[in-house]
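Right, one structure below, let's go through it.
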Amino acid sequence: MKLELATQNDFNAIIAFYDDVTERTPEMATYARWSKGKHPTTEGIRAYIGEGSMYLYRENDVIVGAMAVTMYQGEDYHAIDWTEQVSDDRVAVIHILAVSPDAQGKGIGSEMILEAIHLAHTRDMQAIRLDALASNTPAHKIYERLGFEYRGKQHLYAENTGWTNFYFFELKQ
């Protein structure tokens, strides 16, 4: 497995990585609408590291991918019509998946998702879910190609987008 668990020692490098992704990813303003300092936040990344949910993908000791994989879902996921209702602590959720602009188009994002799926299975999670902005059509295509199914949308507020539609996906079991 190429994913490694991030530690507090990685914090500054992770912030620099996400800042670079936010600033240099083509079409960021259209698809993901991440904004430096607003999403992902330093507080969020620090929390993911602290709870053991932040993972890194490195090549030659350089971070080329990062994501959080929580072993629980939040309340925003309750309103969706999932294939199976399971308790929040039995659901793995993929968050803030990013690949360096220099490494995009090489399948790293797909490999990271597959490793997150493997990680969830090793922890006996009953479902694997994620969400993405409705405008993030490239991500939707990757998720669906990897076996995720669109399950619904919600109109939610986020610091970086204001009120907008989020699509929710679940891995078909």
**Answer from Y72, Y157, Y150 - the residue that is assigned to a strand (DSSP E or B), touching a residue at least 12 places away in the same chain (Cβ under 8 Å), of a type outside the set (A, V, I, L, M) and open to solvent by 10 Å² or more (accessible area, probe 1.4 Å)** = Y150
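Only one of M1, M28 is open to solvent by less than 60 Å² (accessible area, probe 1.4 Å), modelled with pLDDT under 95 and of a type outside the set (D, E); which? Spell out the reasoning first.
Working: M1 fails: open to solvent by less than 60 Å² (accessible area, probe 1.4 Å).
Among M1, M28, only M28 is open to solvent by less than 60 Å² (accessible area, probe 1.4 Å), modelled with pLDDT under 95 and of a type outside the set (D, E).
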**Request:** Starting from residues that are open to solvent by less than 40 Å² (accessible area, probe 1.4 Å) and in contact with a Ser or Thr (Cβ under 6 Å, 6 or more places away or on another chain), keep the ones in the range 35-68 and report whichever is farthest from A139 (Cα to Cα).
**Result:** S53
**Which numbered condition L114 fails, given (1) open to solvent by less than 30 Å² (accessible area, probe 1.4 Å); (2) not in a strand (DSSP E or B)** = (1)
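Those residues that are open to solvent by less than 40 Å² (accessible area, probe 1.4 Å) and either part of a loop (DSSP other than H, G, I, E, B) or of a type in the set (K, R) (or both), I need them from the range 79-106; list them, please.
Within the range 79-106, I80, W82, V86, S100, P101, A103 meet the criteria.
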**Request:** Find all pairs meeting these conditions: Cβ atoms under 8 angstrom apart; at least six residues apart or on different chains; first residue within the range 125-140 and open to solvent by 30 Å² or more (accessible area, probe 1.4 Å); second residue in a helix (DSSP H, G or I).
**Result:** Q126/R90; D131/D76; D131/Y77
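The values are calculated or read from the model by the stated rules, or taken from the named source; none is laboratory data. Since this is a predicted model, take the numbers as computed values, not measurements. Every residue, glycine as well, gets a Cβ built from its backbone with ideal geometry; the counts of neighbours run over all protein chains shown. These area figures cover heavy atoms from the full protein model, side chains too; ligands, DNA and RNA do not enter into them. Shrake-Rupley method; radii C 1.70, N 1.55, O 1.52, S 1.80 Å.
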